[in-house]
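One structure is given below, encoded as structure tokens.
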Amino acid sequence: MTRAIMILGGGGHARVLIEALLRSGASIAAIVESDPATVGGLVRSIPVIAEDDFLGRFSPDQVLLVNGIGSIKKTETRQRVFDRFKGLGHDFHSVIDPSAVVASDAVLGEGAQLIAGSIIQPGSRLGSNVIVNTGGRVDHDCVIGDHVHIAPGVTLSGGVRIGAGSHIGTGSTIIQGITIGAHTIIGAGAVVVRDVKDGETVVGIPAKVIAHG
């Protein structure tokens, strides 16, 4: 049985995913929302249903979920949504925009999302629930942990490693071989030339630590 694709959340990131899915020829059965103000409406002709309604009507073997929750600096909310529905037995569908370039040997975790213009080069591995946003570039042999958000226009040079739950800010650059710890924040436009420890926030050119987790 073909499972229906449903998107969790109807905000800006969800609309980007809708565009990618429609461009790839996928059908979207519904958008699942917890905000009662949006329930009953339509987004791109897709019905918006209440989360309680979804949980009461659909079993995990009937649907594939797409995590439509974005992240600005912090990825915890997006991770909580993923973990909650995984705990209920649901599977997550990966979204790959038709314009994304993905090496044949790249490994994508469950629910990975590659937005328009993103590039994943050979030998790279992405964890579950990862976003590589618009125009993000992941060069060869990078390893990206679960729940990481690579924001628009980021460049990861070869062999970069990023720990789980980190946010790599818009337009930032990480040079080759750098290790970024878990739950870090790399500020927009930063140029990272040294390793970053778990929980640190770094900004600037070259990037410097301004906060510890």
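Taken together, the values in this text are just the output of simple stated rules run on the coordinates, not laboratory data. Remember, predicted model here, so these are calculated numbers, not experimental data. Counting neighbours? That spans all protein chains shown, and the Cβs are built from the backbone with ideal geometry, glycine included.
Stretching the chain fully between Asp53 and Ile205 yields a gain of 49.8 nm (0.36 nm per residue, less the alpha carbon separation). Once you reduce the stretch 109-184 and the stretch 32-89 to the center of their Cα atoms, the two points are 24 Å from each other. Which percent of Cα pairs goes in each bin when the distances of the chain are cut into 10 angstrom slices starting at zero? Whole-percent P(r) values from 0 Å outward: 9, 36, 33, 17, 5, 0. A dipole drawn for the chain from +1 and -1 charges on Cβ atoms has a positive end, and of Gly159, Ile131, Ile18 the residue lying farthest that way is Gly159. Protection proxy ranking of 56-68, 120-132, by the mean of other Cβ atoms within 10 Å over each peptide's residues and highest first, is 120-132, 56-68. With helices as the sole contributors, the chain gives -4500 deg cm²/dmol at 222 nm; each DSSP H run of n ≥ 4 counts as -39500 (n - 2.57), and the sum is divided by every residue.
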